[in-house]
Amino acid sequence: MKEISILGQKYTINEVNCVCKDEPMKSSIDYLTHEIRIDRSMPVDLKQQTLLHEILRAMCDALGMYELAEDERSIQSLATALYSLFGTQIGDAFSSLR
């Protein structure tokens with residue numbers, strides 16, 4: 001179990017064998033319990049990009065941008081662009097996800 005502070009809110013990051021039994025998912029976020037769940041079977045770089053995706057969603061939620069937080073296409077586009085731009089730096093920051 002790892003923790004990260006997102007705009008002053010502590011989130012727990014858990015790598016799990018199955019994120020959701022009902023549908024295939026790489027990750028999920030619970031805004032009430034402040035838990036991020038990531039599929040542990042993914043390669044490290046995909047875990048890091050996926051965590052960035054969930055961090056962006058948490059940031060939007062904390063800023064009151066609820067519609068954007070739930071807009072998967074927009075959040076994924078931002079996560080992909082940021083990971084592409086800052087990939088190695090983000091990789092270093094998320095190095096605990098191995």
- line: Stretched fully, the stretch from K10 through V44 gains (0.36 nm per residue minus C-alpha distance, one decimal, in nm) 10.0 nm
query: Extension gain S28-R73, at 0.36 nm per residue separation less the Cα-Cα distance, in nm?
result: 14.7 nm
statement: One would report the antiparallel percent of DSSP beta bridges in segment 2-93, rounded to the nearest 5, as 65 percent
- line: Whole-Å distance linking the alpha carbon centroid of segment 1-46 with that of segment 50-90 is 13 Å
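Coordinate-derived values only; no laboratory data. All values derive from a computational prediction rather than experimental measurement.
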